[in-house]
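Bear in mind that the values in this text are calculations on the coordinates, not laboratory data. Everything numeric here is computed off the predicted structure, so don't read it as measured data. Cβ coordinates were reconstructed from backbone atoms using ideal geometry, including for glycine residues, and neighbour counts include every protein chain displayed.
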Amino acid sequence: MKSLLICNGNVPKAKFLRSIIKNYDAIACADGGANIAFKFRILPDFIIGDLDSIKQDVKKFFERKNVKIIHDTDQDSTDIEKSVKFLLSRGFTQIDIASAIGDRIDHNLGNLSVLVNFYAKAKLKIIDETMEIFFTKDKITFKTNKGDSISLIPLGLKADGVKTKGLKFKLNNETLIFSGRGVSNVAMGKRVSIEIKRGGLFVIRKITSPEL
């Protein structure tokens, strides 16, 4: 099953969220993400978190709509972590995460860590109108538009044995270290493939021709 998780970062365009919700089996909000859903008149199936960011009038509105609200007070995990754990417990195997990037770099890094820490349990991706971010430790092939900017950022010190197909600057069994070398490669067609032997890579796709 596939879920959309709306977080409490930068607010996306209403058209973007409304156009994609039909692609999911369920809509969930991580705490203050419910404020975004309310603003855009999106009715979620679940709201999860410690509930310190959701506005009280929003919470009461969704309670009247019988939305399932899960109050998780664990202070050793973030609301996005709580939400992903909950969705995994409900059998979701693909989770697209919207509004996960905001103005605070510490929150952004924490949200990126979810892609790593739950990598083996589900297919996770951070999305917005013009960007998607995912994490890989082995082989992956994904759709692109010609001209999309594709950045490969190693997790930790380095990633070994990196091979690519479909990029302007091809990598062939090379090592990427935590530097600017993997930034702003270019997709040459409709698909890009990446293979890695050791380590992990964040893949950041900047969509030059938005599909929505």
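Looking at the stretch 157-212, the GluC sites (Glu not before Pro) that sit in a DSSP loop and have at most 16 other Cβ atoms within 10 Å of their own Cβ are E211. Taking trypsin sites (Lys or Arg not before Pro) across the stretch 1-96, the ones in a DSSP loop with at most 11 further Cβ atoms lying within 10 angstrom of their Cβ are R41, K65. Per-residue 3J(HN,Hα) values for the stretch 191-202, derived from phi via the Karplus relation 6.51 cos²θ - 1.76 cosθ + 1.60 with θ = phi - 60°, read 9, 10, 10, 9, 10, 9, 8, 9, x, x, 10, 7 Hz in sequence order (x marks Gly and Pro). Other residues lying with their Cβ under 12 Å from the Cβ of G49 contribute a combined charge of -4, Lys and Arg counting +1, Asp and Glu -1.
Local charge for K13 was computed over the other residues whose Cβ lies under 13 Å away, with Lys and Arg +1 and Asp and Glu -1, and equals +1. Subtracting the Cα-Cα distance of F178 and D52 from their residue separation scaled by 0.36 nm leaves 41.8 nm. Between T93 and L43, the distance separating the two model label sites (each 7 Å from Cα on the Cα→Cβ line) works out to 2.9 nm.
In plain terms, the chain is cut at each of the chymotrypsin sites (Phe, Trp or Tyr not before Pro) found in a DSSP loop with at most 14 other Cβ atoms within 10 Å, and the longest leftover piece is 1-168. Taking a ≥ b ≥ c as the square roots of the Cα gyration tensor eigenvalues, with a/c under 1.5 meaning rounded and otherwise prolate when a/b beats b/c, else oblate, which class fits the stretch 2-129? Rounded, because the longest to shortest axis ratio a/c is under 1.5. Using a cut-off of 20 Å between Cα atoms, the listed pairs K158/K206; K13/K60; K146/K197; K143/K206 include K158/K206; K13/K60; K146/K197 as exceeding that distance. With 21 Å as the limit, the listed pairs K168/K190; K15/K82; K125/K170; K15/K168 have K15/K82; K125/K170; K15/K168 beyond it between alpha carbons. Note on the chain: antiparallel DSSP beta bridges, both residues inside, total approximately 60 percent of the bridges counted. Placing a label point 7 Å from the Cα of R191 along the Cα-to-Cβ line, the residues of the stretch 153-174 whose backbone N sits under 12 Å from it are 165-166.
Straight-distance candidates among the aspartates and glutamates for linking to K139, with alpha-carbon spacing under 16 Å and chain neighbours fewer than 8 residues away dropped: D160, E174, E195. Summing Cβ point charges (Lys, Arg +1; Asp, Glu -1) relative to the Cα centre of the stretch 1-140 gives a dipole of roughly 680 debye.
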